[in-house]
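Reviewing the structure listed below.
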Amino acid sequence: MKPAWLNKKIDLKVCFVLKQSLRDLGVETVCEQAMCPNIGECFSRNQATFLILGRQCTRKCSFCNIDKGAPLAPDLDEPRRVADAVGKLGLKHVVVTSVTRDDLTDGGAGIFVDTVRRIRCSNPRIKVELLIPDFRLSFEALKAVVDVSPDIIAHNVETVPSLYSVVRQGAVYFRSLDVLRMIRGIKSDIKTKSGIMLGMGEKQDEVVIVMKDLRLVGCDYLSIGQYLAPSLKHYSVKEYILPQQFDYYKEEALRLGFSHVESGPYVRSSYLAEEYLLTSPTI
C-alpha cells in the first residue's frame, strides 16, 4: 500500500480534453506513454512533454512503461507537428524527449535537431529543453544536438550503478556520465541536467556518490523523485522514501554545487521544468 504522501489524484476529464487535442495535432507525449502521475496537474496547465521518434524503444529498462520492440522508420514530418503543437498550446518552456533508437545510425539526433529548429523558427523566445538518450556516445550525434543550442540538454542516469544490470538493461552508468561530460566539452556554457529515481533498492551513500559523479562532469541541474512501478510486470518498488529524506538529498545536492534541484516524491525530470532556468538568468 502506498503511504499517505503519495495520494495525488488525476482529473480524467482534464486529461481527456488535452489528450484529444494532442491526437488531433498528431503528437505523442511521454506523460501518457510513461503513465506519469503528474499528468493531471500538468495537462490542466496545458503542459506536456513531447515524445518523438515513435512509441517503441529498442532498450528494455524494467522500470519504464514505454513500449519495447522494433520501431518504425522516423517520421520526418514529426518536428513540424511538434512545433505546431507547442504554438497552439502556448508553451513558453517546452521539453522534448524520445524513445531510445539504437537502430538508427545517429540515434535519432537529426529529428531532435529539426524539432528544435522548427520550434525556434515559429517562436525564438521559447525555451527548449531536450531529454536525450545516450546515442551510444556518438560524438557526431551529440555535437549535432549541442550545435542547435537548446537551453537545457538533459540525460538521466536514472539510478545508482549497482542497479543498472536489473533496471537499465542496455545502458551503462559511466557512459551516461560521459554523455554529460561530452556535452560540456563541446559547449562549455550549455546547461545540463540529470535525474534519479529512488525506492529501487539503492543506499543513501550510493545516491550521494551519484550526485558527486554528476557534479564532476559539470551537471547543473538535478531532479530526484520516487519510483512508482507502472504495473506488476515492472521492477517492483523496494521502498517508499520519506519526504524528509528527499529534503536531505536536496540540501546535499545544493551543497555539492547544483544550481537548481527538484526533490520530492512526485518529481520527474520534466516536472516544473521551467523552474530550473529561473536560477540561470543569463541564459
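The values are calculated or read from the model by the stated rules, or taken from the named source; none is laboratory data. In this text, all values refer to a predicted model and were calculated from it rather than measured experimentally. Neighbour counts run over all protein chains shown; Cβ positions are idealised from the backbone, glycine included.
I need the full set of residues from region 186-199 which are in contact with a helix residue (DSSP H, G or I) (Cβ under 9 Å, 6 or more places away or on another chain), assigned to a loop (DSSP other than H, G, I, E, B) and over 24 Å from Leu137 (Cβ atoms), in order please.
Listed by number, the list is empty, since nothing qualifies.
Could you tell me whether any residue of region 37-47 is touching a residue at least 12 places away in the same chain (Cβ under 8 Å) and of a type in the set (Lys, Arg)?
The answer is no; no qualifying residue exists.
Confirm whether Tyr235 is farther than 30 Å from Gly87 by Cβ, in contact (Cβ under 8 Å) with a residue 60 or more places away in the chain, surrounded by 18 or more Cβ atoms within 10 Å (Cβ to Cβ) and more than 18 Å from the chain's Cα centre (by Cα).
For Tyr235, the condition - farther than 30 Å from Gly87 by Cβ, in contact (Cβ under 8 Å) with a residue 60 or more places away in the chain, surrounded by 18 or more Cβ atoms within 10 Å (Cβ to Cβ) and more than 18 Å from the chain's Cα centre (by Cα) - is met.
May I ask you to list the residues in region 105-119 that are within 13 Å of Val86 (Cα to Cα) and touching a residue at least 60 places away in the same chain (Cβ under 8 Å)?
Thr115
Within region 195-205, count every residue that is buried (at least 16 other Cβ atoms within 10 Å of the Cβ) and either on the phi > 0 side of the Ramachandran plot or without any contact (Cβ under 8 Å) to a residue 60 or more places away in the chain (or both).
5
Please state which one of Ser259, Ser263, Ser270 is surrounded by 13 or more Cβ atoms within 10 Å (Cβ to Cβ), touching an Asp or Glu at 6+ places or on another chain (Cβ under 6 Å) and of a type outside the set (Phe, Trp, Tyr).
Exactly one residue qualifies, and that residue is Ser259.
Any chance you could count how many residues in region 34-60 are at negative phi, crowded, with 21+ Cβ neighbours inside 10 Å, touching a Lys or Arg at 6+ places or on another chain (Cβ under 9 Å) and at pLDDT 90 or above?
So the answer is 2.
Take Ile183 and decide whether it is closer than 26 Å to Leu130 by Cβ, assigned to a strand (DSSP E or B) and in contact (Cβ under 8 Å) with a residue 24 or more places away in the chain.
For Ile183, the condition - closer than 26 Å to Leu130 by Cβ, assigned to a strand (DSSP E or B) and in contact (Cβ under 8 Å) with a residue 24 or more places away in the chain - is not met.
Taking the options Gly170, Gly225, name whichever one is over 15 Å from the mean Cα position of the chain (by Cα) and either touching a residue at least 12 places away in the same chain (Cβ under 8 Å) or not in a loop (DSSP other than H, G, I, E, B) (or both).
The unique qualifying residue is Gly170.
Give the residue that is modelled with the highest pLDDT, with candidates limited to residues of region 1-33 that are in a helix (DSSP H, G or I) and closer than 19 Å to Leu228 by Cα.
That would be Val30.
Conditions first: (1) surrounded by fewer than 23 Cβ atoms within 10 Å (Cβ to Cβ); (2) more than 20 Å from Leu256 (Cβ to Cβ); (3) out of contact with any strand residue (DSSP E or B) (no Cβ under 6 Å at 6 or more places or on another chain); (4) among the small types (Gly, Ala, Ser). Gly218 passes all but one, so which condition is the exception?
Unmet for Gly218, out of (1) surrounded by fewer than 23 Cβ atoms within 10 Å (Cβ to Cβ); (2) more than 20 Å from Leu256 (Cβ to Cβ); (3) out of contact with any strand residue (DSSP E or B) (no Cβ under 6 Å at 6 or more places or on another chain); (4) among the small types (Gly, Ala, Ser): (2).
What do you reckon, is Val113 modelled with pLDDT of 95 or more, assigned to a helix (DSSP H, G or I) and either polar (S, T, N, Q) or buried (at least 22 other Cβ atoms within 10 Å of the Cβ) (or both)?
no
What do you reckon, is Ala154 surrounded by 17 or more Cβ atoms within 10 Å (Cβ to Cβ) and either at pLDDT below 95 or over 18 Å from the mean Cα position of the chain (by Cα) (or both)?
No: the conditions fail for Ala154.
Looking at (1) surrounded by 15 or more Cβ atoms within 10 Å (Cβ to Cβ); (2) farther than 24 Å from Leu137 by Cα; (3) of a type in the set (Val, Ile, Thr), can you tell me which one Val17 breaks?
Val17 satisfies every listed condition except (1).
Taking into account only those residues within region 120-144 that are closer than 17 Å to Ala83 by Cα and without any contact (Cβ under 8 Å) to a residue 40 or more places away in the chain, which is nearest to the chain's Cα centre (by Cα)?
Restricting to residues being closer than 17 Å to Ala83 by Cα and without any contact (Cβ under 8 Å) to a residue 40 or more places away in the chain, the top hit is Leu130.
Please find, among Ser176, Ser194, Ser149, the residue that is among the small types (Gly, Ala, Ser), at pLDDT 95 or above and closer than 23 Å to Asp67 by Cβ.
Ser176
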